[in-house]
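Enquirer: Let me begin by handing over the structure; questions about it come next.
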Amino acid sequence: MTINQLNELTAKMIEQGHGREMACISKRTFSHPLEADGCTILEIEDGEMQTIDLMDDDGGTLTLKDETVCQRTQLVLSGGHDPHRESGSAW
């Protein structure tokens, strides 16, 4: 993704009212065959707004006293490779 493409993506999100949302990285989607050789800077392939469940300190789902699941909407940038989806595994 070029800086111009990233700018277009974020401008669109701002127009849709998401200007104060977090921007995050989906780490598992970034992979490169040369990582073992030291390739550590990987390109962004895509970005989309996603609503996710938040995790608590124990690694479970964060809930309120009334058992409502805490969620956050955020811009998630990805690297175009998701081994969980490609293998058919659940998130």
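The values are calculated or read from the model by the stated rules, or taken from the named source; none is laboratory data. Computed from a predicted structure; not experimentally measured. Cβ sites come from the backbone with ideal geometry, for glycine too, and all protein chains shown count toward neighbours. What goes into the accessible areas is simple: the full protein's heavy atoms, side chains included, and nothing from ligands, DNA or RNA. Shrake-Rupley method; radii C 1.70, N 1.55, O 1.52, S 1.80 Å.
Enquirer: If you go through region 20-35, how many residues are under 9 Å from Gly79 (Cβ atoms) and either touching a strand residue (DSSP E or B) at 6+ places or on another chain (Cβ under 7 Å) or polar (S, T, N, Q) (or both)?
Expert: Result for region 20-35: 4.
Enquirer: Continuing with the same structure: For region 21-51, how many residues meet the condition of being without any contact (Cβ under 8 Å) to a residue 24 or more places away in the chain and either aromatic (Phe, Trp, Tyr) or surrounded by 14 or more Cβ atoms within 10 Å (Cβ to Cβ) (or both)?
Expert: Residues flagged as without any contact (Cβ under 8 Å) to a residue 24 or more places away in the chain and either aromatic (Phe, Trp, Tyr) or surrounded by 14 or more Cβ atoms within 10 Å (Cβ to Cβ) (or both) within region 21-51 amount to 1.
Enquirer: Let me ask another. Of all the residues that make up region 4-45, how many are under 18 Å from the mean Cα position of the chain (by Cα) and part of a helix (DSSP H, G or I)?
Expert: Number of matching residues: 13.
Enquirer: Next up: Could you check region 1-19 and list, in sequence order, the residues that are over 16 Å from Arg72 (Cβ atoms) and open to solvent by less than 100 Å² (accessible area, probe 1.4 Å)?
Expert: Met1, Thr2, Gln5, Leu6, Asn7, Leu9, Thr10, Ala11
Enquirer: Still on this structure, please answer the following. Output the residues belonging to region 52-76 that are part of a strand (DSSP E or B) and either open to solvent by less than 60 Å² (accessible area, probe 1.4 Å) or not charged (D, E, K, R) (or both).
Expert: Listed by number, the residues that qualify are Ile52, Met55, Thr61, Thr63, Val69, Gln71, Thr73, Gln74, Leu75, Val76.
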